[in-house]
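The values are calculated or read from the model by the stated rules, or taken from the named source; none is laboratory data. Fair warning: this is a prediction, and the values are worked out from it, not measured in the lab. Neighbour counts are summed over all protein chains in view; Cβ atoms, including those assigned to glycine, are modelled from backbone coordinates with ideal geometry. Note: accessible area is taken over every heavy atom of the protein model, side chains too, but ligands, DNA and RNA are not part of it. Shrake-Rupley method; radii C 1.70, N 1.55, O 1.52, S 1.80 Å.
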Amino acid sequence: MKDRLDRLLKATIDECFEKNVLKRTPLPDYVIEIPNNPAHGHFATNLPMTLASVQHRSPREIASVIRDHLKNEDGFLENSEVAGPGFINFFVTAREWHRILSSIIDLKDDYGRSGAGSGQRVLVEFVSANPTGPLHLGHGRGAALGDTLCRLLSFCGYDVAREFYINDAGRQIHILGESIFSRFKQINNPEYPFPKNGYHGDYVLGLAKTISEQIDLETLSDGDAVHECSKMGKELMLKEIRQDLKRFGVDFDFWYSENDLLSSGLLKNTLETLKGNGLLYEQDGALWIRTADFGDDKNRVLKKMDGQFTYFASDISYHLEKHDRGFDRAIDIWGADHHGYIPRMKAALLSCGVPKDWLSVMLIQFVKLWRRGQEIRMSKRAGTFVTLQELLDEVGVDAARFVFLTKSHDSQLDFDIDLVKKQDSDNPVYYVQYAHARICSILRKAAEAGITMPDKTDGILDLVSLDEEMALIRTMAQFPIILTEICKTTEPHRLTYYLTELASSFHKYFNLGTKIPENRIITSKKDLSQARLLLVAGVRTVIANGLRLLGISAPQKM
RNA sequence: GCGCCUGUAGCUCAGCUGGAUAGAGCAGCGGACUUCUAAUCCGCAGGCCGCAGGUUCGAAUCCUGCCAGGCGCGCCA
């Protein structure tokens with residue numbers, strides 16, 4: 001609709017040039033926007049104001065000229081007006097809005113789907129938690145963000161893959177094994193030393209018990225036992241992580257193991273490539289990469305004095321491999337504490353000829369947990385953290401996902417468990433779900449009353465005419481636009497706000513009927529009722545589609 | 001010291017590429033259920049948009065400098 005208005009506007013300007021009522025100048029950047037205040041039209045443009053300086057005339061004067069020559073093809077516009085400092089406000093005819101409602105009803109689950117991404121292949125890597133402990137709140141935020149982003153991208157025509165990178169090759173896995181083994185020993189000997197930097201969480205004892213039931217650790221040498229504990233502990237944790245994510249509604253397409261990266265010789269190949277490009281050198285007994293030549297603060301070590309590779313080395317290899325797999329773009333979702341890694345990662349990729357904007361990194365700021373008005377400090381090493389499991393047990397998947405997505409990822413999130421737990425009006429997720437359930441209930445009631453949905457929407461939709469009804473349609477019309485914008489800016493949180501706004505418009509509309517019977521959805525007039533049923537069915541469709549993209553259920557009853 | 005993020009109502013936060021009177025939820029006060037779900041709605045109150053400059057016809061939004069908070073600046077993972 002906006003595009004149509006833009007074409008109309010451009011045609012109008014051309015005519016003004018032809019007729020010499022405006023000086024022929026290049027068009028400056030202008031916008032067509034949806035004003036906050038409905039009194040300012042369905043759409044408004046600032047074009048006259050942007051033209052003022054090149055035309056050397058007042059904005060309002062230019063606005064009048066444009067308005068007077070407006071090409072109103074097919075009666076698209078109901079009205080237009082010059083307003084404020086030099087805006088032109090446009091009002092579109094009801095018929096056009098009815099058409100949009102009609103298309104929502106036809107498209108159903110597909111309303112909002114688009115080809116905006118034109119099949120671009122995107123790899124989104126997120127969560128990627130070390131398999132040394134259960135997922136916690138912070139991972140939950142990353143999971144909700146990443147998964148919803150993927151759902152959105154996919155709906156908007158991108159070819160998306162979800163990937164979880166498993167850090168299963170480093171020393172922390174060994175420390176996990178030591179921690180498990182130590183807990184095992186402590187069952188019979190409480191004095192048995194616990195490793196420095198060990199993992200203190202209660203789950204470690206659980207792992208020790210499970211593992212010792214499966215194999216007899218006592219018969220092995222300590223070294224072998226620790227090795228077994230590492231291997232099995234990692235597998236058990238990974239299994240648990242998968243289950244948690246599944247419960248949270250997140251399915252990954254790929255689980256990429258760092259171990260595989262090493263054993264398949266990919267890291268070696270990467271080093272060969274880097275060496276071939278003259279990017280490596282040795283100093284102080286270590287192997288370095290010249291990332292400083294590509295925008296990093298300083299050069300970085302790839303291989304330590306002790307012969308071990310750094311994480312950075314396998315990370316480079318991993319990302320180059322992603323690129324080789326043919327993805328047009330990669331999106332990584334990292335914790336905010338990793339932000340210092342962005343320049344070096346980008347530098348390394350650039351040094352291998354991968355364009356700068358191929359990888360985008362989204363940082364998620366920390367989640368602070370509040371309970372009974374107190375902040376709960378979280379530390380994985382110390383074992384004081386709230387797991388995703390515990391969170392889901394307490395508040396459920398829907399509320400958790402919604403709350404994680406109500407804040408922009410780059411601002412810190414205060415997660416108040418008590419607030420989210422409340423199953424009442426305090427919780428915005430229920431507000432949106434309630435609107436959906438309410439509509440379902442109305443449709444059931446209508447069916448009971450024998451009011452059927454008409455096959456054809458033509459003509460009947462003309463009965464949809466109240467201000468509140470037209471406002472609902474206009475909000476629904478924004479849905480596809482919001483979705484493509486979210487994909488462009490990678491800001492899924494905007495969807496929760498949009499849905500809350502739509503639900504609010506609906507609830508407001510519904511309540512008109514509590515005062516005035518003629519304003520109820522099911523009225524004494526059959527055709528009017530049918531028209532309104534079509535309208536609310538459209539609202540239900542948009543809410544359902546939105547909730548689906550958020551990975552949240554749309555209940556029929558509440 | 002350097003870098004990234006944040007600073008908007010009592011609290012938690014939105015505010016789309018600069019636009020017309022800065023929004024929502026919670027908390028507070030006052031109202032609306034014999035009739036489609038009151039997990040709802042309506043009204044009132046509440047704001048030097050951290051501070052100071054600058055760019056612009058126009059700035060919460062862009063630029064610069066300060067102030068405050070969070071997080072990083074390893075041959076740790």
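Scanning region A:6-31 for residues that are surrounded by 14 or more Cβ atoms within 10 Å (Cβ to Cβ) and closer than 30 Å to A:Tyr498 by Cα yields A:Asp6, A:Leu8, A:Leu9, A:Tyr30. Going residue by residue through region A:521-533, is there one that turns out to be of a type in the set (S, T, N, Q), touching a residue at least 60 places away in the same chain (Cβ under 8 Å), open to solvent by less than 10 Å² (accessible area, probe 1.4 Å) and not assigned by TED's automatic domain parsing to the domain that holds A:Gly157? For region A:521-533, residues of a type in the set (S, T, N, Q), touching a residue at least 60 places away in the same chain (Cβ under 8 Å), open to solvent by less than 10 Å² (accessible area, probe 1.4 Å) and not assigned by TED's automatic domain parsing to the domain that holds A:Gly157: present.
Residues checked against (1) within 6 Å of RNA strand B (Cβ to nearest atom); (2) touching a helix residue (DSSP H, G or I) at 6+ places or on another chain (Cβ under 7 Å); (3) of a type in the set (Ser, Thr, Tyr); (4) more than 13 Å from A:Ala446 (Cα to Cα):
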| position | (1), (2), (3), (4) |
| --- | --- |
| A:Arg494 | yes, yes, no, yes |
| A:Tyr498 | no, yes, yes, yes |
| A:Ser504 | yes, no, yes, yes |
| A:Tyr509 | no, yes, yes, yes |
| A:Ile516 | no, no, no, yes |
| A:Arg520 | yes, yes, no, no |
| A:Gln530 | no, yes, no, no |
| A:Leu534 | no, yes, no, no |
| A:Arg540 | no, yes, no, yes |
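For beta carbons closer than 7 Å, sequence separation of 6+ or different chains, a first residue in region A:222-235 that is at pLDDT 95 or above and a second that is surrounded by fewer than 18 Cβ atoms within 10 Å (Cβ to Cβ) and of a type in the set (Gly, Ala, Ser), there are no qualifying pairs. The single condition among (1) surrounded by fewer than 16 Cβ atoms within 10 Å (Cβ to Cβ); (2) touching a residue at least 60 places away in the same chain (Cβ under 8 Å) that A:Ile34 does not satisfy is (1). As a summary of the residue check, A:Leu5 satisfies the conditions (1) more than 16 Å from RNA strand B (Cβ to nearest atom); (2) touching a residue at least 60 places away in the same chain (Cβ under 8 Å) except for the one numbered (1).
With a requirement of 3 or more residues that are of a type in the set (A, V, I, L, M, F, W, C) and crowded, with 18+ Cβ neighbours inside 10 Å, the helices (runs of 4 or more DSSP H) lying completely within region A:415-497 that satisfy it span A:428-448, A:467-489.
Of the residues A:Gly285, A:Gly223, A:Gly326, A:Gly249, the single one that is open to solvent by less than 60 Å² (accessible area, probe 1.4 Å), assigned by TED's automatic domain parsing to the domain that holds A:Leu152 and over 26 Å from A:Ile180 (Cβ atoms) is A:Gly249.
Scanning region A:281-307 for residues being part of a loop (DSSP other than H, G, I, E, B), without any contact (Cβ under 8 Å) to a residue 24 or more places away in the chain and near RNA strand B (Cβ under 7 Å from one of its atoms) gives a total of 5.
The numbered conditions (1) surrounded by 11 or more Cβ atoms within 10 Å (Cβ to Cβ); (2) farther than 23 Å from A:Ala169 by Cβ are all true for A:Met237 except (2).
Could you tell me which residue of region A:54-85 is most open to solvent (accessible area, probe 1.4 Å), considering only residues that are within 7 Å of RNA strand B (Cβ to nearest atom) and assigned to a loop (DSSP other than H, G, I, E, B)?
Of everything passing the filter in region A:54-85, A:Pro85 is most open to solvent (accessible area, probe 1.4 Å).
Restricting A:Ala313, A:Ala348 to residues that are within 11 Å of RNA strand B (Cβ to nearest atom), surrounded by 15 or more Cβ atoms within 10 Å (Cβ to Cβ) and part of a helix (DSSP H, G or I) narrows the list to A:Ala313. Take the conditions touching a residue at least 24 places away in the same chain (Cβ under 8 Å) and more than 10 Å from RNA strand B (Cβ to nearest atom) and apply them to A:Leu51. Does it pass? Criteria not met by A:Leu51.
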